[in-house]
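Structure, as structure tokens:
All of the numbers you see were taken from the coordinates with simple rules; none came from a lab. Quick caveat, the model's predicted, so the values are computed rather than measured. Note that each Cβ is placed from the backbone with ideal geometry, even for glycine, and that neighbours are counted across all protein chains shown.
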Amino acid sequence: MPAKENNFQNMKSMLPINKASIFHHSEVKDTETIDALLILSHVVSAVSGLNELNAILKVGLEKTLEFFKGAHGGVMLLDEEDERLYYRVYKGLSDEYAQKMSLRLGEGINGKVALTGKAVLLDDISKEPEVLKQNLVQKEGLRAFISVPLRFKEKIFGVLHCAGSHTHQFTYKDMHLLHSIGDQLGIAIGQSRLYERLREKRERYRQVARQVITAQEEEKKRISQELHDETSQMLAALTLNLQALIEMSNMIGIRDAKFRSMLAKTHNSTIQINNEVNRLIADLRPTLLDSLGFIPAIRHHVESCLFPLNIAINFEIQEIPFPLSAEVEVTLFRWVQGVVGNIMQHSRAKNVTVFLQKKDQKLEICIQDDGRGFDVSKIGKSDDKKGRFGMGLMIMKERIRLIKGDCSIHSEPGKGTKVFAEIPLTE
């Protein structure tokens with residue numbers, strides 16, 4: 001072995017070995033790693049377990065600052081309209097600093113991080129020439145600084161930053177941890193924005209649906225009025241004229257059997273047409289709903305539709321202590337029409353029960369039949385016989401949702417059907 005290597009080996013053997021210090025150094029590293037994993041685990045749990053974005057961001061920031069003892073920081077989110085960063089949550093920073101430190105994209109340290117998507121690690125931010133509003137930074141006593149982007153699917157929503165009161169306080173390992181936390185918060189922000197857009201679209205859809213239904217009701221009311229004032233009156237007059245012709249033919253002694261038979265048939269047909277027009281008028285705008293109220297209108301409609309089909313009806317109806325709004329009455333009546341229409345067309349039921357009661361500031365209404373039932377899971381699918389149930393049931397559900405209620409359908413083949421709705425009541 002060469003002499004230099006021998007001398008090196010001898011020198012190594014002469015050096016004192018402090019095993020306790022080596023163990024302590026390793027233990028510190030392991031503890032820091034465990035703490036970092038725990039912090040990240042808390043943030044992941046908050047993202048998956050909490051629904052409110054501010055709560056998630058607060059947990060992420062607080063857990064981060066717990067790890068970086070003595071540090072302070074915040075989360076700045078990008079306003080898409082004016083393309084500026086504003087503080088959403090912060091800790092350890094003054095209100096004055098948070099309110100005044102709004103940045104354009106590319107402006108200052110945080111603005112550049114949001115623009116480029118690249119993290120920044122600084123030993124002393126107060127000495128950086130690019131820092132914005134340096135007087136505020138110095139007033140807060142900020143020195144060491146880390147800022148990472150908050151992104152979701154390549155879209156940057158803001159930045160997460162931490163600042164210490166001493167220089168050289170953070171390391172590249174700290175930056176990697178902050179990056180991991182920032183990625184989780186970015187996912188939460190992205191999901192929150194998606195949910196917010198979905199809620200906005202649902203609300204717009206409901207507004208359009210409400211306008212459509214309102215327009216439909218107005219048009220039905222107009223047509224009903226015209227049928228009542230013109231068509232029904234003309235048919236009534238025609239019926240009376242035909243009756244008069246029959247009586248005149250008897251008086252003057254017309255004995256042509258074929259003529260008399262045709263006259264009688266025409267008279268009967270006119271009566272049937274008039275009855276059908278009156279039924280259409282009642283369906284378009286039930287007069288009982290206007291004159292007597294919701295419950296009598298329901299009873300009349302159910303009885304007039306189901307009694308002719310030899311279906312037994314059982315009413316279990318509790319009186320409502322105060323009148324319902326016009327919108328609620330019309331919506332619920334249309335809902336009943338839809339359910340009864342399905343019973344008439346598809347159920348082959350022998351018995352129907354109509355149940356209505358007020359319970360805990362809610363109105364509960366249920367219509368149940370003992371018909372052949374159907375598989376609810378197949379509603380709207382390809383084997384649903386061209387959607388015979390799907391469209392009608394979807395419209396019924398949407399009508400109830402428009403008055404902030406809920407509608408459910410329970411059915412099995414051979415075991416009948418139960419359609420249930422509940423709506424909040426306000427006096």
* Amide H contacts under 5 Å for Val89, placed H, 5+ residues apart -> Val75
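As an exercise, use a Förster radius of 60 Å and the Cβ-Cβ distance of Ser165 and Asp229 to find the FRET efficiency, rounded to the nearest 0.05.
0.10
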* To do: Just tell me which aspartates and glutamates come within less than 19 Å, Cα to Cα, of Lys362; anything on the same chain fewer than 8 places away is out.
  => Glu316, Glu319, Glu327, Glu329, Glu398, Asp406, Glu422, Glu427
* Structure fact -> Karplus-derived 3J(HN,Hα) from phi for segment 144-153 (6.51 cos²θ - 1.76 cosθ + 1.60, θ = phi - 60°), whole Hz, x at Gly and Pro, runs 4, 8, 10, 9, 10, x, 9, 10, 8, 6
* Asked: Cross-link list Lys220/Lys358; Lys155/Lys397; Lys69/Lys139; Lys100/Lys127; Lys100/Lys173: which exceed 25 angstrom alpha carbon to alpha carbon?
  -> Lys220/Lys358; Lys155/Lys397; Lys100/Lys173
* Stick to the Cα atoms of the chain, pair each with every other, and give me the Kirkwood hydrodynamic radius in Å at one decimal. => 29.2 Å
* Asked: What is the set of long-range amide H partners of Phe157 at a cut-off below 5 Å, with H atoms built 1.01 Å from backbone N?
  -> Leu150, Arg151, Phe152
* Structure fact -> Counting sequence-distant residues (5 or more places) and residues on other chains, those with an amide H built under 5 Å from that of Arg84 are Asp79
* **Size of charge dipole - the chain - debye, nearest 20, with Cβ of Lys, Arg +1 and Asp, Glu -1, no other charges** => 1020 debye
* Structure fact -> Of all C-alpha pairs within segment 220-338, those more than 16 angstrom apart amount in percent to 70 percent
* Just from the alpha-carbon atoms, what are the Rg and Dmax of segment 233-300 in angstroms? -> 17.2, 52
* Spin-label proximity, Ile273 to segment 212-251 - amide N less than 14 Å from point 7 Å beyond Cα toward beta carbon -> 231-243
* Structure fact -> For segment 107-221, the percent of all C-alpha pairs falling in each 5 Å bin, from 0 up to the bin holding the max distance, is 2, 11, 15, 15, 12, 9, 7, 5, 5, 5, 4, 4, 3, 2, 1, 0
* Asked: If Lys and Arg each add +1 and Asp and Glu each add -1, what is the summed charge of the other residues whose beta carbon sits under 13 Å from the beta carbon of Asp79?
  -> 0
* To do: Could you please tell me the mean projected area of the C-alpha convex hull for segment 68-124, averaged over all directions and given in square nanometres to one decimal?
  => 4.4 nm²
* Structure fact -> Rh_Kirkwood(segment 287-424) over Cα pairs, Å, one decimal, evaluates to 15.3 Å
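Could you compute the FRET efficiency for Ile252 and Phe307, with r as their C-beta to C-beta distance and R0 at 45 Å, rounded to 0.05?
Details: r = 42 Å, r/R0 = 0.93.
Efficiency computed from Cβ-Cβ geometry: 0.60.
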* Structure fact -> Projecting the Cα atoms of Met344, Ala326, Ser291 onto the charge dipole of segment 287-424, where Lys and Arg contribute +1 and Asp and Glu -1 at Cβ, the residue farthest towards the positive end is Met344
* Considering only the chain, what is the antiparallel percent among its DSSP beta bridges, to the nearest 5? -> 90 percent
* Asked: Just going by the charge dipole of the chain, with Lys and Arg at +1 and Asp and Glu at -1 on Cβ, which of Leu425, Phe145, Val44 is farthest out on the positive end?
  -> Val44
* Structure fact -> A correct Karplus calculation of ³J(HN,Hα) over segment 242-258, with 6.51 cos²θ - 1.76 cosθ + 1.60, θ = phi - 60°, whole Hz and x for Gly and Pro, returns 5, 5, 5, 5, 4, 5, 5, 5, 5, 5, 8, x, 5, 10, 5, 4, 5
* With a cut-off of at most 11 other beta carbons within 10 Å, and DSSP calling the residue loop, which chymotrypsin sites (Phe, Trp or Tyr not before Pro) in segment 167-227 qualify? Please list them. => none
* Structure fact -> The distance between the Cα centres of segment 200-219 and segment 284-322, in whole Å, is 26 Å
